[in-house]
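Report on the structure given below.
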Amino acid sequence: MLDPHLMTQMTKWRRHLHRFPECGFEVPLTADFIAKKLESFGIEVHRNIGQQGIVGVLCCGNGSSSIGLRADMDALFIHEENQFEHRSQHDGKMHACGHDGHSAMLLGAACHLAKEKNFNGNVYFIFQPDEEHGRGAQAMIDDGLFERFHIDAVYSLHNMPGLAEGHLSVRSGSLMASESSFEIIVSGIGSHAAMPHCSVDPIVTGSQIVLGLQTIVSRNLSTIAEKAVISICEFITNGTVNVIPSEVIIKGDCRCFTEDTLQKIEKNMERIVAGICQSAGAQYKFNLTNTFYPTINNAKITQHVIQAATKVIGSDKVDSNCLPLTISEDFSSMLRIKPGSYALLGNGTTSSGGCALHNSKYDFNDRILGIGAQYWVQLVHDQLT
Ligand SMILES: [Zn+2]
Ligand SMILES: [Zn+2]
């Protein structure tokens with residue numbers, strides 16, 4: 001059990017972080033607050049990994065096993081509409097994804113473990129910047145996270161509004177989707193609207209491309225094994241009231257659950273764009289940029305998650321085979337390199353926890369701080385015996 005005083009402290013830390021949100025890689029106040037707290041617990045701290053990321057190292061006993069527990073630190077460029085006392089003091093920035101809570105829970109676990117020192121092995125507390133743009137985890141990896149620190153397996157946790165307060169959901173395999181954005185530029189020949197025979201009309205060609213892309217999910221991918229979403233989000237032309245344009249730009253977003261599926265989507269997209277443009281006599285440029293990889297949980301490590309969560313909250317509150325989600329998460333970059341597992345902790349369904357992530361009225365539910373911290377402590381006890 002956690003010390004009741006620690007529960008109060010975690011709420012204080014969480015609200016402090018909420019008051020002073022920072023975004024992207026620029027999280028100096030947040031990183032400094034976390035680093036100083038870890039140091040005050042007697043934990044060895046390494047700063048500036050992946051720009052402003054932090055790694056705290058806590059070793060105990062003579063065991064060589066190790067575990068990496070990861071929290072994200074960054075906020076969003078959203079103007080907070082809440083009026084409570086701990087609302088954002090940084091105008092235009094807000095902790096609307098609960099990363100303030102994730103950091104506070106991991107600090108709570110660090111404080112408890114540093115005091116009790118009743119495990120055998122090494123715990124690495126990883127606090128990363130810039131999750132929201134999908135760059136922070138990779139930046140820490142590129143800066144030697146897994147070379148400088150010998151980490152056997154990595155774990156992370158995200159709060160989930162709409163999931164009952166303090167319940168945990170996880171699944172082995174694909175939990176969250178990849179996210180890629182694409183841009184297609186169709187170049188034709190513009191003309192007077194009255195003389196379309198003088199044009200190579202990129203609107204007609206672009207429209208065929210929009211329809212053609214719908215066939216990838218329905219005709220090129222397996223209905224059962226290769227779930228995906230392809231959405232066209234923008235269709236921009238340089239035409240005007242009586243002018244057939246010379247160019248159309250089509251932009252969109254696609255998500256799927258394995259890197260193989262993503263490669264298939266990219267290949268089929270280019271095939272369709274090239275074929276339609278060739279038949280129309282238009283030119284094209286096609287570019288697909290991957291921002292987030294799919295989040296794929298290791299089966300064995302996920303069993304550790306289920307075991308620890310069951311001990312803390314009971315099996316009736318653990319969903320060990322939840323449905324995958326089409327949102328994305330950059331912890332996926334760590335999971336490509338290390339075995340690990342990502343789980344979702346219910347933020348609640350009522351007004352205090354049910355408001356959606358990335359909403360200007362969202363707030364992390366402080367009542368789940370203790371459950372999250374206890375879950376981290378349990379994982380360490382189970383894995384480092
Ligand atoms: Zn988010
Ligand atoms: Zn988030």
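The values are calculated or read from the model by the stated rules, or taken from the named source; none is laboratory data. Quantities reported herein were computed from a predicted structural model and do not represent experimental measurements. Neighbour counts run over all protein chains shown; Cβ positions are idealised from the backbone, glycine included. Accessible surface areas use protein heavy atoms only, side chains included; no ligands, DNA or RNA. Shrake-Rupley method; radii C 1.70, N 1.55, O 1.52, S 1.80 Å.
Might you check whether a residue that is assigned to a loop (DSSP other than H, G, I, E, B), buried (at least 20 other Cβ atoms within 10 Å of the Cβ) and not assigned by TED's automatic domain parsing to the domain that holds Glu234 occurs anywhere in the range 99-114? Before you say what the answer is, go through the steps one by one.
We begin by selecting, within the range 99-114, every residue assigned to a loop (DSSP other than H, G, I, E, B); these are none.
No - not one qualifying residue is present in the range 99-114.
One line per residue, one yes/no per condition, for (1) under 23 Å from Pro21 (Cα atoms); (2) modelled with pLDDT of 95 or more; (3) buried (at least 20 other Cβ atoms within 10 Å of the Cβ):
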position	(1), (2), (3)
Phe286	no, yes, no
Thr289	no, yes, no
Lys361	yes, yes, no
Leu379	no, yes, yes
State all residues of the range 63-98 that are in contact (Cβ under 8 Å) with a residue 60 or more places away in the chain and either not in a loop (DSSP other than H, G, I, E, B) or not assigned by TED's automatic domain parsing to the domain that holds Leu145 (or both); if no residue qualifies, say none.
-> Ser66, Ile67, Gly68, Leu69, Arg70, Ala71, Asp72, Leu76, Met94
State yes or no: is Ser88 polar (S, T, N, Q), within 16 Å of ligand 1 (Cβ to nearest atom), more than 26 Å from Leu2 (Cα to Cα) and touching a helix residue (DSSP H, G or I) at 6+ places or on another chain (Cβ under 8 Å)?
-> yes
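Condition check ((1) aliphatic (A, V, I, L, M); (2) more than 16 Å from ligand 1 (Cβ to nearest atom)) across all residues:
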| site | (1), (2) |
| --- | --- |
| Gly61 | no, yes |
| Ser64 | no, yes |
| Ile78 | yes, no |
| Gly134 | no, no |
| Asp152 | no, yes |
So which strands (runs of 3 or more DSSP E) stay within the range 144-206 end to end and still have 1 or more residues that are in contact with a Gly (Cβ under 7 Å, 6 or more places away or on another chain), open to solvent by less than 40 Å² (accessible area, probe 1.4 Å) and closer than 21 Å to Thr258 by Cβ?
-> 153-161, 179-187
The range 221-241 - residue that is modelled with pLDDT under 95 and surrounded by fewer than 16 Cβ atoms within 10 Å (Cβ to Cβ) and, of those, farthest from the chain's Cα centre (by Cα) = Val241
